[in-house]
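Only the coordinates and a few stated rules stand behind these numbers; no lab work does. As the structure is a prediction and not an experimental result, all values here were calculated from the model. Note that we place each Cβ from the backbone using ideal geometry, even for glycine, and neighbour counts take in every protein chain shown.
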Amino acid sequence: MFALSKALAKQGVLGLNHRNAGYTLWHNPRHLFPLVDDKLTTKQLAEAAGLAVPKLYGVIEIERQVRGLSNLLKPYDDFVIKPAQGSGGDGIVVITGRRSHRYRKASGHFVTQEGLDHHVSNILSGLYSLGGHPDKALIEYRVQFDPVFEAISFQGIPDIRIIIFLGVPVMAMVRLPTRMSDGKANLHQGAIGAGIDLATGRTLSGVWKNEIVTEHPDTEQSITGVQIPHWETLLHQSAQCYELTGLGYQGVDLVLDKTQGPLILELNARPGLNIQIANQAGLLPRLQMVEKESKNLIKLEDRLAFATRHFAASSNDPSEPRGQ
Amino acid sequence: MNKRHLYLLVLSLSAFGLGLFVYKAAVLQFPLVPQTQAELWNVEVHLTFFAKNKPVKASLALPRNTRRYAIVDENFISQGYGLTTVKDDENRRATWSIRNANGKQHLYYRATVRRVEVADLHTEPRMPDIAISPLLGAQLAAAQALLADIKEKSADATTMVAELFSRMKHPNADPNLQLLLAKDYSPENKLELATDILDLAKIPNRIVHGVRLAEFQRQATIVHWLQIFVKGEWKSHHPETGSPDIPSNYFTWWRGLQPLMDIDGGDKLAMTMTVAPNQEEAIQAAMYHTQLATPELLEFSLFSLPLEAQAVYRILLMVPLGALLLLVLRNVIGIKTFGTFMPILMALAFRETQLLWGVILFSFVVALGLGVRFYLEHLKLLLVPRLASLLIIVILLMAALSILSHKLGLDRGLSVALFPMVILTMTIERMCIVWEERGASESIQQGLGSLAVASLTYVAMTIPYMEHLLFVFPELLLLFLAGTLLMGRYSGFRLLELRRFKALTQ
């Protein structure tokens, strides 16, 4: 047990207690949390800063509006419904089309108007929000994912998570939906997380249910070495989120749309730790390097250059000297 | 810098707590281990009633020295009331009176009794008078028939009483008994009938009421038994077992058919009786030392509180121990539970139900509740109405479980009533949501995790040694506080995280 703990510490793996005590509690002042906890606020903030986000079709704020849901949805064949304050992807429904009076979910299952209404009122009553507060339901553009991911995702939309520490991208992964995850890009629901080389934007090996994999379990295509398009833009956009929210340690979730390119989906003030397994590397040495150099990392260009110089895949080698 | 601040705070808290503890243990000689057999008991009766701007007279039966227990100290707390105590050859009674009172009134009687080992008092009990049975008409005929039947099947007065009690256990089997008891099968009514029948048989007898001095009881119940006079001495009979033996830890309070308490000029008379082992002699001695050395320490200690409040703090002071354990299980081991403090509340409920029954009842209620909750899912209810209906269903389930287990003769099942139902409702709701979103195994895992943590917390919170230690030395809580503060900055791996990140070391 102690040997394992020691080995992990040597790898620089960040644990939940350490993340909370050393990073999120320290660098993320609580008064900034509402900016990222409410996706509507985040969206408006990002739009104002000129960052690309999926188009908002409508917001349902009170129970009375649920009756008008079918009218609101009429012009759209496909859309996404999500709770404004949801966490971990819970409560998100992706509708890909219609057949007569039913909606087709990303998984291929059908849902009735009544089922959709109930889901929205569940969102409003706070079922998916942190602490059970009353919530809003957002209805927005369904991202048409980039064909690069066609072979390595099962339904749903893969998304890209980049950890930004003091404005510097420190680690990234792409989350690939599987049959098990019901088309959702959530690791705890069974999606694959594949690490990304920050310097080149190429995928490394992946993790599926805490297990290292190199192939997608449903499509059996290799998930390593895939070049993510628009990588520069992705890094650029995500690093700008530091100025957007002021949170020192945050996770930025982006998607690649076929026509619109990278879009920011949401920001996370307490990003998960599985990204370390996906990258086969610990976060701690990278965070410490950034902390040490943070005085020289003010300009966006400097921060991006620092990331590509220090956090390339080859520097995952544990023999690399670590920051103090 | 900030960490140094924390360490300093932790250090001073532990130094102060530990210092006081050592001073009390070493200098004032407060005992570190509880005495096994308490010989001194505090019994406190707390009377409450509502006065209506009129003269009030309230009376209470008082205990007197018995063969087994001697009253060493007693006092009455009653502001503004006049107090008289009357003694006849059987009982003592206290009467409080006041010219004018209004609103809720509180009266206290507190006695300290000591176990005495004198086998016999020298006074020879004299032959009591035989009362005349008040039974008349059909009742008299029924009683005589019953008596004849019992006499037939017994050899002497002792076996006769045993036979009578064994019949009273199943009153429906005997039409005579049914008539005599008139559908009131309470122990008191049965005892009253027993005296009437024994009067008819010309056997001197009396009812005795008392309390069991065995453990801490926040709400002690009065127990009743019967004594008959044979061969020059009083013999006790336990109405439940019929055996001619009363455990030696039963303390006689009063005798006869009089009620324990009585009120004139007020209403809603209620009583709580608290039984507590007296702070053992070791503590008494320590308190004496304290009185000499630092009287302030005693003035502001838990021992200065009334017994009822002391009883509450005995339990409350164990909660921090549970919290500390919970902290370790969650943040160092990494066990997931439903709700942060839910396991502690469950552990407190387990105190009343005992562990095994607690776990069984909890599993039952949660499993049944989950079944109902899955059904409610189809109705597509909004969140708050859904939670409220689930709460009502949980209470109904608890009532049904109580009735069912009572019918089966499992009286432990009654204690399900003490479960925190709101916590149960939220647990069921969260389990259901996790079930739907993360799958059954994750949900059951978290449920079992919560139950395991609750059980461990219960075990920790009921260690008698810790209870003694924390009650006598509450300053140890400062050490607990220091520990939790320190844990607040613990940034090492959680034990279950090691398994999760294991793939990284290969």
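Before moving on, here are some points about what is shown:
- Tilt relative to chain A, helix A:2-11 - C-alpha long axis, 0 to 90 degrees, to 10: 90
- Simple spin-label estimate for B:Arg212 and B:Leu11 gives 5.3 nm between the two label positions (7 Å along the Cα-to-Cβ direction from each Cα).
- Compared with the dominant principal axis of the Cα atoms in chain B, helix B:307-316 is inclined by about 30°.
- Sequence-separation-based contact order of chain B, relative, with Cα cut under 8 Å and 6+ spacing, percent: 19
- Using the Cβ-Cβ distance between A:Ala9 and B:Val459 with R0 = 30 Å, the FRET efficiency computed as 1/(1 + (r/R0)^6) comes to roughly 0.40.
- Treating each Cα of the protein assembly as shown as an identical point scatterer and summing with the Debye formula, the log10 of I(q)/I(0) at q = 0.05, 0.07, 0.08 Å⁻¹ comes to -0.45, -0.76, -0.88.
- Furthest towards positive pole of dipole, B:Leu146, B:Leu317, B:Tyr465, structure part chain B, Cβ charges: B:Leu317
- Note on the stretch B:130-203: percent of Cα-Cα distances in each 10 Å bin, starting at 0 and stopping at the bin with the largest distance, equals 20, 60, 20.
- Within the listed set A:Lys39, A:Lys74, A:Lys292, the residue fluctuating most in the Gaussian network model of chain A (springs between alpha-carbon atoms under 10 angstrom) is A:Lys74.
- Whole-Hz ³J(HN,Hα) from phi, Karplus 6.51 cos²θ - 1.76 cosθ + 1.60, for the stretch A:109-124, glycine and proline x: 6, 9, 9, 7, 4, 4, x, 5, 4, 4, 4, 5, 5, 4, 4, 4
- FRET efficiency, B:Leu408 to B:Asn249 (Cβ-Cβ, R0 30 Å, nearest 0.05): 0.55
- Candidates per trypsin sites (Lys or Arg not before Pro) in the stretch A:128-196, loop by DSSP, up to 16 other Cβ within 10 Å: A:Arg179
- Springs between Cα atoms under 10 Å define the GNM used for chain A, and in it the highest mean-square fluctuation of A:Asp77, A:Asp197, A:Asp135 occurs at A:Asp77.
- For chain A, the relative contact order comes to 20 percent (Cα pairs under 8 Å, sequence separation of at least 6).
- Cα centroids of the stretch B:131-173 and the stretch B:436-496: 57 Å apart.
- Theoretical FRET efficiency, 1/(1+(r/R0)^6), r = Cβ-Cβ of B:Val22 and B:Leu305, R0 25 Å, to 0.05: 0.55
- The mean number of partner chain beta-carbon atoms within 10 angstrom of a residue's beta-carbon across peptide B:191-202 is 0.
- Distance from the stretch A:21-64 to the stretch B:201-261 (C-alpha centre basis), Å: 72
- Residue-averaged 222 nm ellipticity for chain A, from DSSP H runs of 4+ at -39500 (n - 2.57), nearest 500: -7500 deg cm²/dmol
- Taking a point 7 Å out from the Cα of B:Val332 in the direction of its Cβ, the residues of the stretch B:462-506 whose backbone N falls within less than 18 Å of it are B:477-499.
- Cα-centre dipole for the protein assembly as shown with unit charges at Cβ (Lys and Arg positive, Asp and Glu negative), debye to 20: 1000
- Peptide B:380-387 shows a mean partner chain C-beta count of 4 within 10 Å per residue C-beta.
- Pairwise label distance in nanometres, B:His378 with A:Gln44, each label 7 Å out on the Cα-Cβ vector: 4.3
- Across the stretch B:319-461, Cα pairs under 8 Å and at least six residues apart give a relative contact order of 42 percent.
- Couplings 3J(HN,Hα) of the stretch B:464-481, computed from phi: x, 4, 5, 4, 4, 4, 6, 6, 7, 10, x, 5, 5, 4, 5, 5, 4, 4 Hz, in residue order, whole Hz [Karplus 6.51 cos²θ - 1.76 cosθ + 1.60, θ = phi - 60°; x for Gly and Pro].
- Along each principal axis, taking the top coordinate minus the bottom one, the Cα set of the stretch A:148-269 gives 40, 26, 23 Å in descending order.
- Dipole of the protein assembly as shown, positive end: most advanced residue of B:Pro175, A:Pro34, A:Ala46 [Cβ charges, Cα centre]: A:Ala46
- Highest to lowest packing among A:117-126, B:102-111, scored as the average C-beta count within 10 Å: A:117-126, B:102-111
- Convex hull projection area averaged over all views, chain B, Cα basis, nm²: 35.2
- Inter-chain shielding of A:18-28 (mean C-beta neighbours from other protein chains, 10 Å cut-off): 2
- Cα long-axis angle, helix B:137-152 against chain B (0 to 90 degrees, to the nearest 10): 80
- Estimated [θ] at 222 nm from DSSP helical runs (n ≥ 4, -39500 (n - 2.57)) normalised by residues in chain B, nearest 500: -15000 deg cm²/dmol
- Structural size metrics of chain A, computed from C-alpha coordinates, are Rg and Dmax of 19.6, 62 Å.
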